[in-house]
Amino acid sequence: MRPVRLFVLVLLAVALAGCASMPAPRVAVATPPPATDLDSLVYARPAAMAGDQRVVAKPTPPPTEARAQVMVAPAEVTLDPAAAFEGEVPYTLDTGDKLRVVVFGQDGLTNSYSVDSAGAVTMPLIGAVPARGLTPGELSRAVAERLRRGFVRDPHVAIEVELYRPFFILGEVTYPGQYPYVPHMSVENAVAIAGGFTPRAYRWDIRIDRPATGGVVRKSVPLLTRVRPGDTVIIKERWF
């Protein structure tokens, strides 16, 4: 019986040695995407099996800010000359304005002055000072600067409009012509000053010619539009 037992033990030893020498089965392990790719983490799929030819397309990233600026062109900006009729702009001086100039402590310089045809105000000591296109405050600073040049040590100048330059009204009104300007007047007030509309007046297409930088701007306006000094109001004639 001993030879039989020995033979069985030898067989068992050979079997165990063969199992130990067999290679271990391979297991496919899917490598996770980088932690920084959030889209891949959210939409990750199991590892493809052998022979799987499916291709997963990555989502297209949105355009950057620089690309968006190139793709969207800015709108072209154009300036309308009729902007001269919009808003309340500071009053600027011109020919025909009469000013009250007060130089504190200098009674010989304090007086009323008119803006002449050249657009200047002529005063003692300093001569002609350009005034066209300036506000009363800007002109007061210009006069003070002239006086400071060897005439008055520390001048204080105040200027106000004593009489505005006139406005004009033409066309279908009773008395067309030139009239003194009244502050805060409207087209309706201007027509009333000129005696009212004539029977042939066309009241729904009133025009104003307004001096502006580089020329005159004309615009059709309603009756309640504000009139400014130097404006020309034109009342057209109706055909029926």
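As a rough guide to protection, the peptides 168-175, 181-188 ranked by mean Cβ packing within 10 Å, highest first, stand as 168-175, 181-188. Counting charges near GLY96 (Lys, Arg +1; Asp, Glu -1) among other residues having Cβ under 14 Å from its Cβ returns a value of -1. Rounded to the nearest 20 debye, the dipole size of the range 87-169 about its Cα centre is 260 debye, using +1 on the Cβ of Lys and Arg and -1 on the Cβ of Asp and Glu. Once the Cβ-Cβ distance between TYR179 and GLU237 is put in as r, and R0 is 22 Å, what FRET efficiency do you end up with, to the nearest 0.05? With R0 = 22 Å, the Cβ-Cβ based efficiency is 0.60. The heavy atoms of THR122 offer some 80 square angstrom of accessible surface to a 1.4 angstrom probe.
Once you have the Cα-Cα distance between ARG132 and LEU224, take 0.36 nm times their residue separation minus that, and quote the gain in nm to one decimal.
Details: separation 92, 0.36 × 92 = 33.12 nm, distance 2.78 nm.
Gain on extension, ARG132 to LEU224, equals 30.3 nm.
Among residues other than VAL115 with Cβ under 15 Å from its Cβ, the summed charge is -2 (Lys and Arg +1, Asp and Glu -1).
The values are calculated or read from the model by the stated rules, or taken from the named source; none is laboratory data. The structure displayed is predicted, hence computed values, not measured ones. Cβ: placed from backbone, ideal geometry, glycine included. Neighbour counts: every protein chain shown. With ligands, DNA and RNA removed, areas are computed over all heavy atoms of the protein, side chains included. Shrake-Rupley method; radii C 1.70, N 1.55, O 1.52, S 1.80 Å.
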